[in-house]
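**Student:** This is the structure I have questions about; it appears just below.
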Amino acid sequence: MTGRVWPEVYKKLGIAPIINAQSWVTALGGSIMRPEVLRAMDEAASSFVDIKQLNYAAGEVVARSCGAEQGLVTAGCSAAQVLMVAACMTGQSEENVEQLPDTMGMKNEVILFKGQRNRYDKAFVTGGATLIEYGDVDSVTADDLDDAINDNTACVAYVVAPFMPQGIGLEETIRVAHERGVPVIVDAAAEVPPRANLSKFHNMGADMVAFSGGKGIGGPQSSGLLAGKADLMEAVVMNSLNLDSSVAGIGRPMKVSKENIVGLVTALQLFTDSDEGAEWDGWYSKAQYVAERLAGIDGVRVELEDDPAERQGPQPVLYFEDNYDGPSTADIKEQLEAGDPGIYVGGGGNRPEINIVMVNVQDGEEIVIADRLEEILRDR
Ligand SMILES: *Cc1c(COP(=O)(O)O)cnc(C)c1O
């Protein structure tokens, strides 16, 4: 076993903690915050503070980290998506901000490439906008985007995510949209690390870019960060807490606590200051350990894959050959999840593979994973 003590708080609720070998997925808890982040949140919790001042100060840290004009800590990337669209619709008009989600008299269409429709895109329309798709999943041109833009277009949305088709690409999307005077907003929730991505999409000219705080950055699971051009970001602020107005904005249900604001800022600074290579090497050695333990099982081919375009960090991937006669991938996953502790790995479903993502595997857990997989695959 790992020698780790499972938290009493979960035991009291009758919930068993699990091993997360599936990456920064929301359903398994996002990420684990470092002790420094927890200490900062603890400290923040002990004092009152002017929330508006705190939001602006934290926003400056976000902006600096992203190389953008202005930033804000949000309640997750999803909340940032709501606020980006709201800002594009209302601008800095107090009247418009109060009128949402009724968009009468405002530009209210969000344009998205059909191939980038995803389970999170509801957030683009939460504030009252309408989503307009353009292009076909496997054939799309700059003209398709240009044709979709009209007088009601509030913004063009773009999603960067693993396995997501890139359509005409972000650079071309920005070129076409800007030629028509329309802003481009980016959902890049799970695209850091690499750390360079914090500023990459801003440097390309995107107007606003949103990331999750509780995935690769290691902040509170319900935090996010949003940054972009100052005029739009000021409209974002008006639509978020709107502390100066008699009417709360569309973003009021997505407020961020002082503890989460401080937690995100602390996590972000630790993240940008820490060594990406060392982080990668840690994941790699865990992946290598499991790959070596699982070598030589009849019908199972183990590959250590680490192409950043394909995989979230180095990971052993199990492929099943024609002569394999063991349990199905679904069966393997079921057995792993039913164990004590439950182990959640990736793959199965559409992918006839098992992948073991190391980014959230805590020290020692790779041994438990290898033990269990050997039991299921070798010792049966
Ligand atoms: C995780 C994710 C989101 C939601 O992010 P939260 O920070 O959990 O709100 C949105 N879009 C994509 C592509 C994601 O992967």
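**Student:** Here is a check on your reading of the model: is Ser47 free of Cβ contacts under 8 Å to residues at least 12 places away in the same chain and outside any helix (DSSP H, G or I)? Write out each step before concluding.
**Tutor:** Working: free of Cβ contacts under 8 Å to residues at least 12 places away in the same chain: yes; outside any helix (DSSP H, G or I): yes.
Yes; evaluated as a whole, the condition is true for this residue.
**Student:** Kindly establish whether Ala21 is assigned by TED's automatic domain parsing to the domain that holds Asp244, in contact with a strand residue (DSSP E or B) (Cβ under 9 Å, 6 or more places away or on another chain) and touching a residue at least 24 places away in the same chain (Cβ under 8 Å).
**Tutor:** Working: assigned by TED's automatic domain parsing to the domain that holds Asp244: no; in contact with a strand residue (DSSP E or B) (Cβ under 9 Å, 6 or more places away or on another chain): yes; touching a residue at least 24 places away in the same chain (Cβ under 8 Å): yes.
When the stated conditions are applied, Ala21 does not pass them.
**Student:** Scan segment 186-225 for residues that are under 16 Å from Gly263 (Cβ atoms) and aliphatic (A, V, I, L, M) and jot them down. If you could, list the steps in order and put the result at the bottom.
**Tutor:** First pass over segment 186-225, keeping only residues under 16 Å from Gly263 (Cβ atoms): 211-225.
If the condition is that a residue be under 16 Å from Gly263 (Cβ atoms) and aliphatic (A, V, I, L, M), then Ile217, Leu225 are the ones that fit.
**Student:** Is there any pair with a first residue in segment 70-90 that is over 29 Å from Gly29 (Cβ atoms) and a second that is near the ligand (Cβ under 8 Å from one of its atoms) and at pLDDT below 95 whose Cβ atoms are under 8 Å apart and which are 6 or more apart or on different chains, and what are they?
**Tutor:** none
**Student:** Restricting the first residue to segment 205-224 and requiring it to be outside the structural domain of Ala154 (by TED's automatic domain parsing), which pairs with a second residue that is more than 7 Å from the ligand (Cβ to nearest atom) meet a Cβ separation below 9 Å and a spacing of at least six or different chains?
**Tutor:** The qualifying pairs do not exist here.
**Student:** Pick out the one residue from Glu43, Glu36 that is surrounded by fewer than 19 Cβ atoms within 10 Å (Cβ to Cβ), closer than 21 Å to Pro193 by Cβ and not assigned by TED's automatic domain parsing to the domain that holds Pro183.
**Tutor:** The conditions single out Glu36.
**Student:** Here's another thing I want to ask about it. Quickly run through segment 356-375 and pick out the residues that are within 13 Å of Val290 (Cβ to Cβ) and not charged (D, E, K, R). I'd like the intermediate steps shown before the answer.
**Tutor:** Keep residues of segment 356-375 that are within 13 Å of Val290 (Cβ to Cβ), which gives 356-358, 361, 364-374.
Listed by number, the residues that qualify are Ile356, Val357, Met358, Val361, Gly364, Ile367, Val368, Ile369, Ala370, Leu373.
**Student:** For segment 261-278, give me each residue that is within 15 Å of Gly313 (Cβ to Cβ) and either surrounded by fewer than 16 Cβ atoms within 10 Å (Cβ to Cβ) or modelled with pLDDT under 95 (or both). Break it down stepwise before answering.
**Tutor:** So the first thing to find is which residues in segment 261-278 are within 15 Å of Gly313 (Cβ to Cβ), and the list is 271, 274-278.
Passing the criteria: Ser274, Asp275, Glu276, Gly277, Ala278.
**Student:** Pairs needed: first member in segment 164-181, under 20 Å from Asn150 (Cα atoms) and of a type in the set (Ser, Thr, Tyr); second member anywhere, in a helix (DSSP H, G or I) and at pLDDT 95 or above; C-beta distance under 9 Å; at least 6 residues apart or different chains.
**Tutor:** Thr173/Ala142; Thr173/Leu145
**Student:** Something else: Identify, please: which residue in segment 200-224 is near the ligand (Cβ under 8 Å from one of its atoms) and surrounded by fewer than 24 Cβ atoms within 10 Å (Cβ to Cβ) and is, among those, farthest from Glu36 (Cα to Cα)?
**Tutor:** Ser222
Table: residues versus (1) closer than 20 Å to Met254 by Cα; (2) modelled with pLDDT of 95 or more; (3) within 16 Å of the ligand (Cβ to nearest atom).
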site: Ala68; (1), (2), (3): no, yes, no
site: Thr74; (1), (2), (3): yes, yes, yes
site: Met84; (1), (2), (3): yes, yes, yes
site: Val97; (1), (2), (3): yes, yes, no
site: Tyr120; (1), (2), (3): yes, yes, yes
site: Val125; (1), (2), (3): yes, yes, yes
site: Gly135; (1), (2), (3): no, yes, no
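**Student:** Further, regarding this structure: Across segment 342-380, which residue is surrounded by the fewest Cβ atoms within 10 Å (Cβ to Cβ) among those that are touching a Phe, Trp or Tyr at 6+ places or on another chain (Cβ under 7 Å) and free of Cβ contacts under 8 Å to residues at least 60 places away in the same chain?
**Tutor:** Per the criteria, the residue is Pro352.
**Student:** Further question on the same structure: Of (1) free of Cβ contacts under 8 Å to residues at least 40 places away in the same chain; (2) over 24 Å from the mean Cα position of the chain (by Cα), Gly326 satisfies all except one. Which?
**Tutor:** All conditions pass for Gly326, except number (1).
**Student:** Among the aromatic types (Phe, Trp, Tyr) and either surrounded by fewer than 17 Cβ atoms within 10 Å (Cβ to Cβ) or on the phi > 0 side of the Ramachandran plot (or both) - does that describe any residue in segment 322-336? Write out each step before concluding.
**Tutor:** Initially, segment 322-336 is screened for residues among the aromatic types (Phe, Trp, Tyr), giving 324.
From the residues that got through so far, the ones that are either surrounded by fewer than 17 Cβ atoms within 10 Å (Cβ to Cβ) or on the phi > 0 side of the Ramachandran plot (or both) too are 324.
The answer is yes, given that some residue of segment 322-336 is among the aromatic types (Phe, Trp, Tyr) and either surrounded by fewer than 17 Cβ atoms within 10 Å (Cβ to Cβ) or on the phi > 0 side of the Ramachandran plot (or both).
**Student:** Now for a different question. Taking segment 31-64 as the region of interest, how many residues are under 27 Å from Ala230 (Cβ atoms) and among the polar types (S, T, N, Q)?
**Tutor:** Of the residues in segment 31-64, 2 are under 27 Å from Ala230 (Cβ atoms) and among the polar types (S, T, N, Q).
**Student:** Now for a separate question. Residues that are at pLDDT below 95, within 16 Å of the ligand (Cβ to nearest atom), of a type in the set (A, V, I, L, M, F, W, C) and touching a Gly at 6+ places or on another chain (Cβ under 9 Å): does segment 145-167 have at least one?
**Tutor:** So far as segment 145-167 goes, yes, one or more of its residues are at pLDDT below 95, within 16 Å of the ligand (Cβ to nearest atom), of a type in the set (A, V, I, L, M, F, W, C) and touching a Gly at 6+ places or on another chain (Cβ under 9 Å).
**Student:** Identify the residue in segment 175-191 that is crowded, with 24+ Cβ neighbours inside 10 Å, under 28 Å from Glu310 (Cα atoms) and not acidic (Asp, Glu) and, among all such residues, is nearest to the ligand (Cβ to nearest atom).
**Tutor:** Filtering first and then ranking leaves Ala189.
The values are calculated or read from the model by the stated rules, or taken from the named source; none is laboratory data. In this text, all values refer to a predicted model and were calculated from it rather than measured experimentally. Don't worry about glycine lacking a Cβ; one is built from the backbone with ideal geometry, like all the others, and counts go over all protein chains shown.
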